[in-house]
Amino acid sequence: MKASGKRSIWRKKVGFPIVLLSSSFFFLAGFYGSMLFSMNPRAGNDSVPHAKFIELSEGGEAELVAMPHGETGEPRYYSIPFQVLSWKPRAVYFPRFATAEQCQSIIKIAKSKLKPSSLALRKGETEESTKGIRTSSGTFLSASEDSTETLKYIEGKIAKATMIPRDHGEAFNILRYEIGQKYASHYDSFDPSEYGPQKSQRVASFLLYLSDVEEGGETMFPFENGSNMDTNYDYQKCIGLRVKPQQGDGLLFYSLLTNGTIDPTSLHGSCPVIKGEKWVATKWLRDTNNKNII
């Protein structure tokens, strides 16, 4: 089973960027192109190195002259701070990707539309047999439904950070996790052996944390760097690499390897919220544009 515009996976088998051969250029460019952005993690945290690839002037503008650009290019440089959290799976953290005001605006729009989160079921599964795997509430919002244009802005920034075109993204899945709610470990991509032939595949996921969480609610990768893969892993356990939600921060991870197959280390989940409330906006990015998304 898989969460999704309608889907999500929960299983023991499977096996970043990037995708099927025909569109791999965009995604390779997306990940490696992100290296051009500055790396300057959350200021004030002395435990994190403040390395930069692009030095900024006192006014905050990069002292660089923009290159001539193509018809679809843009006339200026962008600086988006990031930190590589893992290469297996390929996971990148973007501090302060959105403002508190933007996050609150998205929550305000979504709050009245929330419904219990659902799963796409695999052959042999039922709602009863998968009960308890995903216990959040959520809704899908497209940028066109947001009159404030906050989602349009965020969508454009995600496209710049990933170099995956905007029209390759699904609608935002806005989720709320209350105390005790969680999402057991799963994959965002669809294994054809379990879901049948796929016209389109999820290449990557971008999570924008809309709220802080007092305790719990981490996004976790139990198979990071091959950990726990040779054991009888309990998919309900919150172990491995864990990313604490911080309002306005973003997390990008790739579900596919460069050859287009599913990255087994991209298994991930949401740890139970222990104290507080977790809000997150998820953008699933595919290997083709929306016209071909099933």
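Computed over the alpha carbons of segment 211-294, Rg followed by Dmax gives 14.8, 41 Å. Applying 0.36 nm per residue to the separation of residue 277 and residue 71 and subtracting their alpha-carbon distance, the gain on full extension is 69.7 nm. Taken over the alpha carbons of segment 137-187 as equal point scatterers, the Debye sum produces base-10 log I(q)/I(0) values at 0.14, 0.30, 0.31 Å⁻¹ of -0.48, -1.11, -1.15. Distance between the modelled labels on residue 64 and residue 160, one decimal in nanometres: 1.2 nm (7 Å Cα→Cβ projection).
Within segment 134-284, all pairs of alpha-carbon atoms sorted by distance into 5 Å bins from zero give the percentages 2, 9, 17, 21, 20, 17, 10, 3, 1, 0. Using the beta-carbon distance between residue 214 and residue 87 and R0 = 41 Å, what value does 1/(1 + (r/R0)^6) give for FRET efficiency, to the nearest 0.05? After rounding to 0.05, the efficiency reads 0.85.
Per 0.36 nm of contour for each residue apart, how much would the distance between residue 152 and residue 137 grow if the chain were fully extended, relative to their Cα-Cα spacing?
Values: separation 15, 0.36 × 15 = 5.40 nm, distance 2.28 nm.
Extra length from residue 152 to residue 137 when fully extended: 3.1 nm.
Values quoted throughout were computed directly from the atomic coordinates according to the rules given, and no laboratory measurement underlies them. These figures come from a predicted structure and were not determined experimentally. Ideal geometry is used to build each Cβ from the backbone, glycine not excepted, and the neighbour counts take in all protein chains shown.
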